[in-house]
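Computed from the coordinates by the stated procedures, all read-outs in this text should not be read as laboratory data. Only a predicted model underlies this, so the values are computations on that prediction, with no experimental measurement involved. Glycine gets a Cβ as well: all are built from the backbone with ideal geometry, and neighbour counts include every protein chain shown.
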Amino acid sequence: MSTISYRLPQKRALVTELPGPKSTELGIRRRAAVAAGVGSSVPVYAADADGGVIVDVDGNSLIDLGAGIAVTSIGASDPRVAQAVSEQAAHFTHTCFMVTPYESYIRVAEELAALTPGDHEKRTVLFNSGAEAVENAIKVARLATGRMAVVAFDHAYHGRTNLTMALTAKSMPYKTNFGPFAPEVYRMPMSYPFRDEQGLTGEQAARRAITQIEKQIGADSVAAIILEPIQGEGGFIVPAPGFLPTLTAWAREKGVVFIADEVQTGFARTGSWFACDDEQIVPDIITMAKGIAGGLPLSAITGRAELLDAVHPGGLGGTYGGNPIACAAALATIETMRELDLPARARHIGDTATTRLRALAAQVPAIGEVRGRGAMIAIELVRPGTTEPDADLTKAIAAKALEQGVIVLTCGTYGNVIRLLPPLVIDDDLLDDALTVLEQAIRAAAA
Ligand SMILES: *Cc1c(COP(=O)(O)O)cnc(C)c1O
């Protein structure tokens, strides 16, 4: 494994209260200019970022345990990405792949064919956002099967556009009053070991969903099942072993397209290139975004050639999809991930964090469960002795961690999950410091 070099000091250092005066000033301008519907997790404004730190406009150096929601896995200013972006920008920023195509789009498609699960013949289309990738995966599945129904799961998150709002499970804040939603979307029960009845296996949980699909929709009407192999916004829910393989086997048997939404789990995050690899499942189509391009907007669908090639020319695409600067960034990102062996780094981060957090859980009864895989780690908070969610405690912990200069995100259908998604290039000392702060925040808030 090559060593990682950093541009900014990898340390936590607070020089003002948070938010500092300059962030406060920007907050005032923001409220007068930016729509209230766009939220931010923390009220500090970024000036610089590198490795595991974000330096704010007041000069505070914060530890970043969110990576801009699992995006900057290789850091927010990786030198290879910065160079690839500036070189590409100096030549051409855009021609539109649908007008005058270019090689880097093809190279990204070749890389994705090699990296994604399965050794079947694959085709790729590039887009800009995760939601756009999901929409297009559904378009392909419907056209290729000639069927309409799409199955999504409890706690799912697939985006904020009209079709993806329909697929997303949580009403507030994602759906409330934004309807009507796209039709022919059906929701099925997930496998959520912490909240399922004791002893329900992954296979039984899958059978529960399959029975409902067959009774309520009919297998012959189902174009696709879409599922995050580990659910992200829904609470970092890791389904019981056997859940995914049982569903994929059923889908294959019934001619249903299995779409793995790996927008959050993909690109080394869980300790493999893709979370599907961990259970040796091979999706028919995989959606990717977030970690793919070192922070540049890029998303992709990669899937079986016979599905993707079923679509008529012109049926898929978009003005900016596979923008050449984003493609250059993706190629640099993939190279960096390989060179630094970031899947191994993700496993190392996961081992370090879960060992410490499980020891803490043994002492703090408000921690219902510590779970996750690789560098996708969740702490689910409950009222002691129950499984009743404690969203207020969760908010208080995130606020206390921020006070001490550590950015942590929350998630979950019940808003009661602290989620850790550090940049995979975070250095060990910095991670240790962040975990110490987080442990203190949890002890203090739960006391
Ligand atoms: C973030 C996310 C999306 C949506 O991606 P955007 O780029 O925000 O549109 C879709 N699916 C999953 C699993 C996600 O985590």
- line: E306: passes all of (1) more than 16 Å from the ligand (Cβ to nearest atom); (2) in a loop (DSSP other than H, G, I, E, B); (3) in contact with an Asp or Glu (Cβ under 9 Å, 6 or more places away or on another chain) but (2)
statement: Given (1) free of Cβ contacts under 8 Å to residues at least 24 places away in the same chain; (2) surrounded by fewer than 18 Cβ atoms within 10 Å (Cβ to Cβ), V370 misses just (2)
- line: Taking first residues from region 202-227 that are surrounded by fewer than 16 Cβ atoms within 10 Å (Cβ to Cβ) and second residues anywhere that are basic (K, R), the pairs with Cβ under 6 Å that are 6 or more apart or on different chains are S221/R147
message: Suppose we keep only residues that are more than 22 Å from the chain's Cα centre (by Cα) and within 16 Å of L112 (Cβ to Cβ) within region 309-351. Which one would you say is nearest to the ligand (Cβ to nearest atom)?
response: L316
field: Enumeration of residues in region 422-442 that are touching a residue at least 12 places away in the same chain (Cβ under 8 Å) and closer than 19 Å to A361 by Cα
entry: L431, D432, D433, A434, L435, V437, L438, E439, Q440, A441, I442
